[in-house]
Amino acid sequence: WQKVLYERQPFPDNYVDQRFLEELRKNVHARRYRYRAVVFQSGAVVQQLCSVCVFVVTWWYMDAGMLSPQGLFGAALVSSLLGYVLFDALDGGAGRRESGRTRWADLKSTLVFAAFTYGFSPVLKTLTESISTDTIYAMSALMLLGHLIFFDYGANAAIVSSTLSLNMAIFASVCLASRLPRSLHAFVMVTFAMQIFALWPMLQKKLKAQTPRCYVGVTVLFALAALAGLATISSVGAVLFTSLLLAISCLCPYCLIRLQLLKDNIHGPWDEAEIKEDLSRFL
């Protein structure tokens with residue numbers, strides 16, 4: 001008997017000999033994870049959940065009149081300048097030199113964005129007047145949920161779309177900003193959303209790549225700040241959010257590692273053939 005189909009043999013097509021299972025292999029491509037490494041990687045999810053929490057808490061304070069738009073804009077401006085300096089200092093400006101982008105170009109982009117956002121803030125304020133508040137809240141919740149689903153956490157998956165994730169977050173911020181008292185509130189809220197959903201993740205990725213220990217410290221401090229802000233609004237919400245963060249950063253990595261031990265993928269001669277040669281010369 002030969003394992004070929006182009007010769008007639010006195011055996012049925014589904015016949016196999018005694019050597020069939022000798023080529024059996026298990027978990028050829030299985031990855032072995034370490035608990036600390038998985039917990040470290042889960043920091044990206046924790047960071048983004050905290051970003052959404054901070055954004056919602058900030059909006060609630062502005063809607064309740066407990067936070068002035070001038071105060072938020074000043075704090076966001078100072079933090080943006082510090083983050084901008086830190087972003088360049090982490091790699092000594094190597095990333096800027098590779099991209100060829102100058103500080104003057106960054107300043108122009110910032111001024112153009114701020115000018116357009118401020119100019120269209122009256123439109124943003126009245127954009128959803130014909131829509132009920134309950135619908136606005138539901139749309140915002142769905143958009144923020146979509147932002148978390150499609151955000152780039154570092155996984156190479158088809159569902160990842162940084163552009164879609166950012167657009168959904170900005171759409172949610174526009175919806176919520178339209179329910180604030182004045183146009184200035186809407187302008188500051190959209191600007192703050194751009195900072196926390198677009199600029200903050202960029203700084204976090206560079207921190208994660210350059211200084212992992214600082215990244216862990218910043219993640220913990222950011223989570224504590226988000227929890228403290230949420231606790232001033234709802235103690236029950238703070239407890240639930242704490243449970244969620246602990247489950248994602250501690251429980252889920254443990255479950256992943258335990259489930260990896262139960263993995264039992266089998267490979268053998270029944271697998272589909274893989275052509276490993278470069279066939280581009282025949283195209």
The list [x] 115, 20, 17; [y] 49, 23, 21; [z] 70, 33, 17 gives values of semi-axes √(5λ) of the Cα gyration tensor in Å, and only one came from this structure; which label was calculated from it? [y]
Working from Cα positions, state the angle (0 to 90°, nearest 10) between the long axis of helix 183-194 and the longest principal axis of the chain. 30
Computed over the chain: longest principal axis from alpha-carbon atoms vs helix 103-126 long axis, angle to nearest 10 degrees, is 70
The chain, dipole about Cα centre (Lys/Arg Cβ +1, Asp/Glu Cβ -1), debye to the nearest 20: 820
Provide the per-residue ³J(HN,Hα) series for segment 153-166, in order, calculated from phi with Karplus coefficients 6.51, -1.76, 1.60 and θ = phi - 60°, each as a whole number of Hz, with x at glycine and proline positions. 8, x, 8, 8, 10, 5, 6, 6, 8, 4, 5, 4, 4, 5
Excluding ligands, DNA and RNA, what is the solvent-accessible area per residue of segment 127-283 at a probe of 1.4 Å, expressed in Å²? 60
222 nm [θ] for the chain, helices only, -39500 (n - 2.57) per DSSP H run of 4+, per residue, to 500? -20500 deg cm²/dmol
Exposure of Leu240 as accessible area (Å², to 10), given a probe of 1.4 Å and all protein chains: 110
Quick one: Karplus J couplings for segment 7-21, per residue in order, coefficients 6.51, -1.76, 1.60, θ = phi - 60°, nearest Hz, x for Gly and Pro? 10, 6, 9, x, 9, x, 5, 9, 7, 9, 8, 6, 8, 4, 8
Rounded to the nearest Å, the spacing of the alpha-carbon centers of segment 63-134 and segment 209-256 is 25
With every protein chain left in place, what is the accessible area of Arg103 in Å² (1.4 Å probe, nearest 10)? 140
Which ³J(HN,Hα) values, rounded to whole Hz and listed in residue order, are derived for segment 31-43 from phi using the Karplus coefficients 6.51, -1.76 and 1.60 in 6.51 cos²θ - 1.76 cosθ + 1.60 with θ = phi - 60°, glycine and proline given as x? 9, 9, 9, 9, 4, 5, 5, 5, 4, 4, 5, 6, x
Relative contact order of the chain, pairs being alpha-carbon contacts under 8 Å that are 6 or more residues apart, as %: 34
Cα-based helix-to-principal-axis angle, 212-231 vs the chain, degrees rounded to 10: 50
Over segment 1-92, with every protein chain in place, what whole percent of the accessible area is carbon and sulfur at 1.4 Å, could you tell me? 59
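The values are calculated or read from the model by the stated rules, or taken from the named source; none is laboratory data. Because the structure is a prediction, the values reported are computed rather than measured. Positions of Cβ are backbone-derived with ideal geometry, glycine not excepted, and every protein chain shown enters the neighbour counts. We work out accessible area using only protein heavy atoms, side chains counted, and drop any ligands, DNA or RNA first. Shrake-Rupley method; radii C 1.70, N 1.55, O 1.52, S 1.80 Å.
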